[in-house]
1. Could you tell me what fraction of 2.2 N^0.38 Å the Cα radius of gyration of region 10-123 comes to, as a two-decimal ratio?
2. In sequence order, what are the phi-derived ³J(HN,Hα) couplings for region 56-67 according to the Karplus relation 6.51 cos²θ - 1.76 cosθ + 1.60 with θ = phi - 60°, rounded to whole Hz, with x for glycine and proline?
3. Per DSSP helix of 4 or more residues, -39500 (n - 2.57); summed, then divided by the residues of the chain. What does that give at 222 nm, rounded to the nearest 500?
4. Where does each of PHE216, PHE13 land when they are ordered by accessible area, with a 1.4 Å probe and the largest first?
5. Using the structure shown, list the pairs from LYS338/LYS387; LYS338/LYS537; LYS150/LYS184; LYS295/LYS330 with a Cα-Cα distance above 18 Å, or answer none.
6. Please list, in chain and number order, the residues 5+ apart from PHE216 or on another chain whose amide H is under 5 Å from its amide H, with Hs placed from the backbone.
7. Tabulate in residue order the Karplus-calculated ³J(HN,Hα) for region 293-298, using 6.51 cos²θ - 1.76 cosθ + 1.60 with θ = phi - 60°, rounded to whole Hz; enter x for Gly and Pro.
8. Carbon-plus-sulfur fraction of the accessible area of the chain, 1.4 Å probe, in percent?
Amino acid sequence: MNEDIILKADNLFFSYDNEKTHSLNGLSLEIKRGHKIAFMGANGSGKSTFFLCCNGIHQPSSGTLYFNGEPVDYSRKGLLKLRSKVGIVFQDPDNQLFSASVYQEISFGILNLGVPEDEAKEQVEQVIDYLEITPFRHKPTHALSGGQKKQVSIADILVMNPDIIILDEPAAALDPKHTTMVNKIVDQLTENGITVMMATHDVNYAMAWADDVFLFKDGKVLIHGTPEQVFSNKSALASTNLEQPACLQLFDSLCKKGILKTSLPIPHSLQQLESYIAAISERTYHGGKIMQESKKAILVVSFGTSYNPTREKTIDVIESKIGDAFSDWKIYRAWTSKMIMAKLLKRDGIKINNVKEAMEQMRDDGITDVLIQPTHVINGIENDLMKDDALSCRDSFHSITFGTPLLTSEQDNCDMIEAIHQEFSYLKADEALVLMGHGTTHYANAIYAALDYTFKDKGYPNIHLGTVEAYPSMETLLKVVREQNPSKVVLAPFMIVAGDHAHNDMASDDPDSWRCQFEAAGFPVECVLKGLGEYTKVHEIFIRHVREAMGDN
């Protein structure tokens, strides 16, 4: 047998009812040494049964299982040897843990292998330290949290220095924080060269994590290959009640629209896809004007608002902060909402320039080089139209450079999460924060879903981001919040200003407002009418974007 193959199943059959039906039905596959393998399929497809055969808990009724090129020996001695090298972590840790204390639990397996006590103690201490179990090492196993039990059940196996660790739904019944912790442990195992076999229903995790994917159906392998190969097969996924990973669905859609090129490597995560989107546009465009004397300006472009008090606290402050940070550049303003500008002119007699008008004003003022910094949240339709308007005047300037919207890079997402965490540091674990974004049919709307996922990935399971006009929708948010069942829902706009959407769609008495819908679902609601433009961290992000556009990275 190929030395790279650590485990091989050859035509395995197994039945729980005296051969009337088969949980394994002629299963054949090969597992490569040191690989990360995801096993997927509907419940009852044979994944857990196969795992139990790999560990010798079940013996196939026919067929042969090979470990390291040798048929598995089902004698007592042979099984003891197999289980020292192939460890299984059950979906429910309570089915695995039986010792009185954590330390005794982790020590049991290695002592049972006949390892001398001093050597066993040293290895147990190493694993306890490695898996960060020290704080609860002397606790009774029954008193542990679900995440701690999962840590200990992995330690049970790891202390025996196995060649293979099998994880059956490792994130089952865990909250996002402990799921992240278990995923980190799994990454550590694979970095140390251990072959990891994992059953999971999470296609997004499998896409990002696995080297190989096996799709099970009716006790045999339906399809196997790399994540790209398996998750590109829509018919196979549909037959096992699985959907494509979100990053693959979005990538396919963006390629069909001509926004991304099919020659790009298939993204394995939303973060990777986001980096593709961020790299689409150019930064600097040169026009026809010959520069004799440079005169530089920053044009701050906002959607706008008819709420003067919130404008003073958001758009005005952002412009002022940028002006303070770049005192040798003149600051100009433009808005993109024609409706809001017309309303202000009629109601208050206030004239706000649109982008073309601002460009013409700068041209007349002798400006040669323009840096345009949008305060838009994402690189959506408004931002695209703004660029078109600005570039229609390119011949009047030596250069036009564009800064990026608020959420463009992975760093922006991390900074935004920190800003939200700081702003709502008072939020209790049993309360939910729901952020209302605008949403768009533009492909950049994917950033909202990516950021919502990232909140959970970074350990904030009670922070949710939705949109008024796209996905994630209010319907989606209600499902997620009902599952969390918080003691209170805090609503806040995920928009630069707390304007019409915040006051009407989010906080009003209209039965369709988010506040009323959450209250109708039985949750106490607190509305925070504060735009992102009031956050100090957001000011810092925009200033960083200006610096990056200038080339001061």
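1. Details: Rg = 16.2 Å, N = 114, 2.2 N^0.38 = 13.3 Å.
Its radius of gyration relative to the 2.2 N^0.38 Å reference: 1.22.
2. x, 5, 10, 10, x, 6, 7, x, 10, 10, 10, 10
3. Numbers: 21 runs with 218 residues, N = 553.
About -11500 deg cm²/dmol.
4. Details: PHE216 0, PHE13 50 Å².
Ranked list, largest accessible area first: PHE13, PHE216.
5. Table pairs above 18 Å Cα-Cα are LYS338/LYS537.
6. Amide H neighbours of PHE216, under 5 Å, 5+ apart: MET40, GLY41, LEU222.
7. Values per residue, Gly and Pro as x: 9, 6, 9, 9, 9, 10 Hz.
8. Details: 12120 of 25100 Å².
Answer for the chain is 48 percent, counting heavy atoms of protein chains only.
The values are calculated or read from the model by the stated rules, or taken from the named source; none is laboratory data. Being a predicted model, the structure only gives us computed values, none of them experimental. Cβ: placed from backbone, ideal geometry, glycine included. Neighbour counts: every protein chain shown. Accessible surface is based on the protein model in full, side chains and every heavy atom, while ligands, DNA and RNA are left aside. Shrake-Rupley method; radii C 1.70, N 1.55, O 1.52, S 1.80 Å.
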